[in-house]
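Visitor: The structure follows.
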Amino acid sequence: MTVEAGTVPTTAAGNRRRARTVLALLALFIVVNAADKAVLGLTADPIRDDLGLSATEFGTIASSFYLLFSLSAVSVGFLGDRIHPRPLLAVLALVWAAAQLPILLPASGFGALVATRIVLGAGEGPGFPLANYTAFTWFPAKRRALPSAVVVAGGAGGTVLAAPLVLLVSNTLGWRAAFGLLGVVGVVWTLVWMRVGGGGPYSAHLGPGPADDEPSSGDTPSAPDAPSAPDAPSMEDARSAQAAGQRPAAPFRRIVTTGTWLGATFSTFAVMWTLSLGFAWLPLFLEEQAGFSDTEISGIIGLPALSMAVLVLTGGAVAHGLLRRGVTARVAQGLVGALLPLIAGVCLLLATRVGPAALLLPLLVLAFSAGNGQTPLTNAAIADICPAGRRSAALGLSYALAALSSLLAPYVTGRIIDAAPTEAVGYGRAFDLAACLLIAGAVLSALLIRPDRDALTLLAAHPATPTASGSTTAGASSASGPDTEPSAKE
């Protein structure tokens, strides 16, 4: 059954104000998401000392966060096409809070940390793709790169805000108090979201039914990479079909075997490997190998996040500008995006091969930030090739598979460090592995990500089919709920 999505006030000005408000809340949602991930690494030293953990045991705790992360991401991703975003995101935030609060108990040790990190990961797995999906419902197709960049930048903001606050709370009240603080923040966000959050007008229907479409004719995608046959369907044909009450018939398996989806997913796999490595092990590396104090680390650890925010927003703005000027999505999202993980990989290779901190810090900042600048571009590329009814599932599955790297990276790094003759050698080998993955992801994304071509290929192979009534209202429901308000006339 088709359910009507949450909509917005009936004036254009009201739409824009609500869109900005919801986008800010979604960015804050990812701020909390990132802080929840970062707290373990930021408190790693007192945790290891208090509980007497080896590198492998600490890596096991860090990896346990991702045990159900991927399964949850893909499962909830499919639900995202059928359930309103307001209750879904609220439930996720409450799960995060419930997972952090038990750590306040003094008896919570290794087993409790593993168990609560598993629950936290299950709650956080769908968070990023659902936040992006919800943001996309407030903006037309050619304006999605920048909103996605704002959401991704929230992850950077989470680390920037979390680092000094978590270390301050940990040093004054103990490392357990830092976990409890983040649990309270999750509850507060949920209350605000239930008051003012919701879905937007660019997903007029969720679940089986007519796909959403952008009301403006100026939002059609740019020309494909290669010339098509004279009778080949164009993206305007797709939009005309949707406007006529038709829905694309492309099966899900065809979407997830396109070059765009595969290239974006592998590159994100490499980026997430590096991010989880940074969350779990970078603070320890800075303290044990680079010789920085806690006070210095609290400032340093935020630098990659600040750089990430700048690169994410810059990359989104550049891609947005290129698309508006008629540059193909292959260039704007594929080639421009591939430069960022390439830079990150080269910097990570060099990071353990230089001595002075004046060289080490800039390399580490770029190594742990530049790759994520590609993420909003790959998200937008996947969204651009998907019918609206498949978009949440396609984003969720891509993120779920990519997140498998986060399950492996902390544990593998711990094993590498324990097996190496010295910790310095172990860190070097672990960083080199992450660098090679980043460079491979950059190359594959540059070769495979071609949203224009793949969107038209899917349309040509599986042309739109009429809905039961053949009208734009086909499959619509009069169901109402907390998210449902009168639709805006664009």
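Visitor: Name every residue in the range 388-417 that is touching a helix residue (DSSP H, G or I) at 6+ places or on another chain (Cβ under 8 Å), farther than 14 Å from residue 62 by Cβ and not polar (S, T, N, Q), in order of residue number.
Guide: 390, 391, 393, 394, 395, 396, 397, 399, 400, 401, 402, 404 - these are the residues of the range 388-417 that are touching a helix residue (DSSP H, G or I) at 6+ places or on another chain (Cβ under 8 Å), farther than 14 Å from residue 62 by Cβ and not polar (S, T, N, Q).
Visitor: A further question on this structure: Residues 146, 167: which one is over 27 Å from residue 21 (Cβ atoms), among the aliphatic types (A, V, I, L, M), touching a residue at least 60 places away in the same chain (Cβ under 8 Å) and in a helix (DSSP H, G or I)? Even if it seems obvious, please write down each step before you answer.
Guide: Values: 146 fails: over 27 Å from residue 21 (Cβ atoms).
Of 146, 167, the one residue that is over 27 Å from residue 21 (Cβ atoms), among the aliphatic types (A, V, I, L, M), touching a residue at least 60 places away in the same chain (Cβ under 8 Å) and in a helix (DSSP H, G or I) is 167.
Visitor: Just one of 94, 79 is over 21 Å from residue 153 (Cα atoms), at pLDDT below 75, of a type in the set (A, V, I, L, M) and surrounded by fewer than 24 Cβ atoms within 10 Å (Cβ to Cβ); which is it?
Guide: Just a single option satisfies the conditions, and that option is 79.
Visitor: Exactly one of (1) of a type in the set (Val, Ile, Thr); (2) at pLDDT below 50; (3) touching a Cys at 6+ places or on another chain (Cβ under 8 Å) is unmet by residue 255. Its number?
Guide: So the condition that residue 255 fails would be (2).
Visitor: Same structure, new question: Inspect the range 97-107 for any residue being polar (S, T, N, Q), within 30 Å of residue 386 (Cα to Cα) and either modelled with pLDDT of 80 or more or out of contact with any helix residue (DSSP H, G or I) (no Cβ under 6 Å at 6 or more places or on another chain) (or both) and give the result as yes or no.
Guide: no
Visitor: Would you check which residues across the range 426-461 are within 20 Å of residue 57 (Cβ to Cβ) and among the β-branched types (Val, Ile, Thr) and list them?
Guide: none
Visitor: Turning to a different aspect of this structure: Test of understanding: among 430, 394, 358, which residue is open to solvent by 40 Å² or more (accessible area, probe 1.4 Å), of a type in the set (Gly, Ala, Ser) and part of a helix (DSSP H, G or I)?
Guide: Result of the check over 430, 394, 358: 358.
Visitor: Given the criterion touching a Pro at 6+ places or on another chain (Cβ under 8 Å) and either part of a helix (DSSP H, G or I) or under 27 Å from residue 146 (Cβ atoms) (or both), identify the matching residue among 440, 409, 381.
Guide: Matching residue, one of 440, 409, 381: 381.
Visitor: While we're looking at this one, here's another question. Identify, please: which residue in the range 361-371 is open to solvent by 10 Å² or more (accessible area, probe 1.4 Å) and in contact with a helix residue (DSSP H, G or I) (Cβ under 6 Å, 6 or more places away or on another chain) and is, among those, nearest to residue 152 (Cα to Cα)?
Guide: 368
Visitor: Provide a single number: the residues in the range 41-61 that are open to solvent by less than 10 Å² (accessible area, probe 1.4 Å) and part of a helix (DSSP H, G or I). Don't jump to the end; show me each part of the working.
Guide: As a first pass, look at the range 41-61 and keep what is open to solvent by less than 10 Å² (accessible area, probe 1.4 Å): 41, 43-44, 47, 55, 58-59, 61.
Okay, now just the ones that are also part of a helix (DSSP H, G or I), so 41, 44, 47, 55, 58-59, 61.
Number satisfying all stated conditions: 7.
Visitor: While we're here: Got a number for residues in the range 289-345 being open to solvent by less than 40 Å² (accessible area, probe 1.4 Å), of a type outside the set (Gly, Ala, Ser), in a helix (DSSP H, G or I) and under 25 Å from residue 417 (Cα atoms)?
Guide: Number of matching residues: 4.
Visitor: While we're looking at this one, here's another question. Go through (1) of a type in the set (Gly, Ala, Ser); (2) in contact with a Gly (Cβ under 8 Å, 6 or more places away or on another chain); (3) open to solvent by 10 Å² or more (accessible area, probe 1.4 Å); (4) within 27 Å of residue 364 (Cβ to Cβ) and name the single condition residue 414 misses.
Guide: (3)
Visitor: Does at least one position in the range 133-143 carry a residue that is over 17 Å from the mean Cα position of the chain (by Cα), among the small types (Gly, Ala, Ser), open to solvent by 10 Å² or more (accessible area, probe 1.4 Å) and under 22 Å from residue 198 (Cβ atoms)?
Guide: yes
Visitor: Also, I was wondering about something else. Name the pairs: first residue in the range 305-322 and free of Cβ contacts under 8 Å to residues at least 60 places away in the same chain, second residue buried (at least 24 other Cβ atoms within 10 Å of the Cβ) and assigned to a helix (DSSP H, G or I), Cβ to Cβ under 7 Å, at least 6 apart or on different chains?
Guide: Close Cβ pairs satisfying both conditions: 322/332.
Visitor: Name, by its number, the condition in (1) of a type outside the set (Phe, Trp, Tyr); (2) open to solvent by less than 30 Å² (accessible area, probe 1.4 Å); (3) at pLDDT 50 or above; (4) out of contact with any Leu (no Cβ under 6 Å at 6 or more places or on another chain) that does not hold for residue 196.
Guide: (2)
Visitor: Given the criteria of a type in the set (Lys, Arg), out of contact with any Leu (no Cβ under 7 Å at 6 or more places or on another chain) and closer than 15 Å to residue 432 by Cβ, does residue 325 qualify? Outline the logic, then answer.
Guide: Details: of a type in the set (Lys, Arg): yes; out of contact with any Leu (no Cβ under 7 Å at 6 or more places or on another chain): yes; closer than 15 Å to residue 432 by Cβ: no.
No: the conditions fail for residue 325.
Visitor: Filter the range 97-132 down to residues that are part of a loop (DSSP other than H, G, I, E, B) and open to solvent by 30 Å² or more (accessible area, probe 1.4 Å), then give me how many there are.
Guide: 3
Visitor: Residue check: is residue 278 within 20 Å of the chain's Cα centre (by Cα) and at pLDDT below 85?
Guide: When the stated conditions are applied, residue 278 does not pass them.
Visitor: Okay, moving on. Please indicate, with yes or no, whether at least one residue in the range 210-229 is at pLDDT 50 or above and open to solvent by less than 20 Å² (accessible area, probe 1.4 Å).
Guide: no
Visitor: Mind listing just one residue for me: the one in the range 249-280 that is outside any helix (DSSP H, G or I) and open to solvent by 10 Å² or more (accessible area, probe 1.4 Å) and, of those, nearest to residue 65 (Cα to Cα)? Show your work before the answer.
Guide: First pass over the range 249-280, keeping only residues outside any helix (DSSP H, G or I): 249-251, 256-258.
Pick out the ones that are also open to solvent by 10 Å² or more (accessible area, probe 1.4 Å) and you get 249, 251, 256-258.
On the way: 249: 37, 251: 32, 256: 26, 257: 28, 258: 30 Å.
This residue is 256.
The values are calculated or read from the model by the stated rules, or taken from the named source; none is laboratory data. Everything numeric in this text was worked out from a predicted model, so none of it was measured. FYI the Cβ positions are ideal-geometry reconstructions off the backbone, even for glycines, and counts take in every protein chain you see. Side chains are part of the model used for accessible areas, which takes the heavy atoms of the whole protein and leaves out ligands, DNA and RNA. Shrake-Rupley method; radii C 1.70, N 1.55, O 1.52, S 1.80 Å.
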